[in-house]
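Here's the structure, in structure tokens; my notes come after.
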Amino acid sequence: MRRGGTVVLMLVLAAALAGPALAASYKPEYKTSLVVGPTGPWGEAAARFADLVKERSGGKINIKNYFAGQLFAGRQTNEFLLLRQGVADFAWGSTINWSPQVKELNLFSLPFFFPGYEALDAVENGAAGKRIFKIVEEKGVVPLCWGENGFREVTNSKRPVRKPGDMEGLKLRVVGSPIFIDIFKTLGANPVSMNWAEAQSAFQQGTVDGQENPVVSVITPYKLWQSQKYITLWKYAIDPLILGVSKTTWDSFEPADQALVRKAGEETCAWQKKGAREGLQGSTAAVDNLAKNGMTVVSLTPKDLEAFKQKTLGVYTKWGQEIGPDLIAEAEREIAKLAKAGKAAKR
């Protein structure tokens with residue numbers, strides 16, 4: 001009996017200690033990587049998410065945001081590797097920056113593939129989006145939800161861009177993803193790959209003529225009208241964000257904390273997406289603000305856009321094979337269903 005009683009006592013003590021011991025295994029700080037600074041919907045969402053998780057976990061999960069590329073030390077396309085290795089615990093990552101390691105993410109950079117926000121939402125929420133999330137997780141990063149940087153528009157300090165020939169010779173900063181180099185070379189521009197921090201200095205010094213980025217998330221908070229007078233609204237590519245967690249970090253959380261983190265992420269992503277589209281969807285306030293700050297705004301007609309589409313058709317074909325015809329077909333089906341439903345609603 002005494003021997004049995006000793007065993008029972010040991011089990012009781014072990015059970016009592018299990019909770020605190022497990023909690024003690026949590027790190028004092030969890031690092032989040034971001035390319036951008038704390039301003040704008042992207043950076044503000046990271047702060048909001050960190051606060052929510054800290055509050056709901058009772059301080060157990062303390063997330064610190066490392067803004068402006070502090071963790072990847074100069075190469076934003078390395079961010080996914082940092083997550084996979086556990087150097088970063090979380091990231092609000094651009095699909096563009098993660099595409100060198102996850103080639104399927106180039107779907108969102110196919111020139112003129114997405115006609116609007118509704119098409120993007122349909123693809124993200126449909127079979128193609130689920131498939132992409134599965135691929136990302138298989139590579140060591142757990143995707144929690146879709147955020148958004150936005151449709152990418154081109155700005156420059158030299159001239160208005162209304163036709164492909166207007167791109168000739170423009171020195172434009174692009175991210176370090178090969179598909180962007182191909183797109184702008186095909187259009188006759190001189191694309192230069194550099195990190196965002198370096199690019200801002202180059203704009204001010206006049207050594208780089210322009211760049212391509214979304215209006216609300218980048219062009220406005222960084223006041224690019226101070227160095228670039230012209231903007232062309234052409235929605236040639238979309239840049240979703242993914243709130244991702246290193247699988248190593250994710251597996252270290254208790255199931256209840258995983259659920260807590262996922263819910264906080266989904267709530268924040270929805271808030272962030274709304275912010276990224278503010279003044280662009282159902283309103284022209286964001287574009288009007290650019291004009292008020294002295295930018296010449298060029299809005300392309302469907303005929304104008306067709307000239308750009310035809311010019312970049314070879315890029316579309318080349319990268320379609322790299323991304324995967326099956327995945328593209330899935331995305332096209334979602335967009336076609338949306339278009340069909342829209343036509344039916346108008347009858």
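Rule-based calculations on the coordinates, nothing more; no lab input. Only a predicted model underlies this, so the values are computations on that prediction, with no experimental measurement involved. Please note: Cβ atoms are built from the backbone with ideal geometry, for glycine as well, and neighbour counts cover all protein chains shown.
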**Asked** Against the longest alpha carbon principal axis of the chain, how many degrees, from 0 to 90 and to the nearest 10, is the axis of helix 2-24 turned?
**Response** 20 degrees
**Fill in**
Note: K163 to K318 extended length (0.36 nm per residue) minus current alpha-carbon separation gives 53.5 nm
**Prompt:** For the range 29-57 and the range 204-270, what is the separation of their Cα centres, given in Å?
**Reply:** 12 Å
**Asked** Rounded to the nearest 500 deg cm²/dmol, what is the calculated helix-only ellipticity per residue at 222 nm for the chain, with -39500 (n - 2.57) per DSSP H run of length n ≥ 4?
**Response** -15500 deg cm²/dmol
**Item:** Contact order relative to length of the chain, as percent, for alpha carbon pairs under 8 angstrom and 6 or more apart
**Value:** 24 percent
**Request:** Express as a percent, rounded to the nearest 5, the fraction of DSSP beta bridges in the chain (both residues included) that run antiparallel.
**Result:** 60 percent
**Request:** Please name which of S177, M194, Y316 has its Cα lying farthest along the dipole of the chain towards the positive end, using unit charges on Cβ (Lys, Arg +1; Asp, Glu -1) and the Cα centre as origin.
**Result:** Y316
**Prompt:** Do the alpha carbons of any pairs in K223/K274; K27/K134; K139/K274; K235/K303; K64/K263; K54/K273 sit beyond 25 Å of each other, and which pairs?
**Reply:** K27/K134; K139/K274
**Request:** Would you work out the charge dipole size for the range 27-321 about its Cα centre, treating the Cβ of every Lys and Arg as +1 and the Cβ of every Asp and Glu as -1, and quote it to the nearest 20 debye?
**Result:** 460 debye
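Treating only the Cβ atoms of Lys and Arg (+1) and Asp and Glu (-1) as charged, compute the dipole magnitude of the range 220-326 about its Cα centre; round to the nearest 20 debye.
Charge dipole of the range 220-326: 540 debye, to the nearest 20.
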**Complete:** Rounded to two decimals, the Debye log10 I(q)/I(0) of the range 27-321 (Cα scatterers, no solvent) at q = 0.08 Å⁻¹ is -0.33
**Message:** As I understand it, the value is the acute angle between the Cα axis of helix 127-138 and the longest principal axis of the Cα atoms of the chain; what does it come to in degrees, rounded to 10?
**Reply:** 50 degrees
**Set of aspartates and glutamates near K247 by C-alpha distance (under 13 Å), chain-local residues within fewer than 8 positions excluded** = D89, E137, E138
**Message:** Normalised by the empirical 2.2 N^0.38 Å for globular proteins, what value does the Cα Rg of the range 230-335 take?
**Reply:** 1.52
**Request:** Arrange F308, F49 by Cβ neighbour counts within 10 Å, fewest through most, would you?
**Result:** F308, F49
**Complete:** With N residues in the range 159-240, Rg(alpha-carbon) / (2.2 N^0.38 Å) equals 1.01
**Request:** Kindly rank 321-327, 267-273 from highest to lowest mean number of other beta carbons found within 10 Å of each residue.
**Result:** 267-273, 321-327
**Request:** Would you please put 54-60, 28-34, 125-131, 244-250 in order of how densely packed they are, using the mean number of other Cβ atoms within 10 angstrom per residue and starting with the highest?
**Result:** 244-250, 28-34, 125-131, 54-60
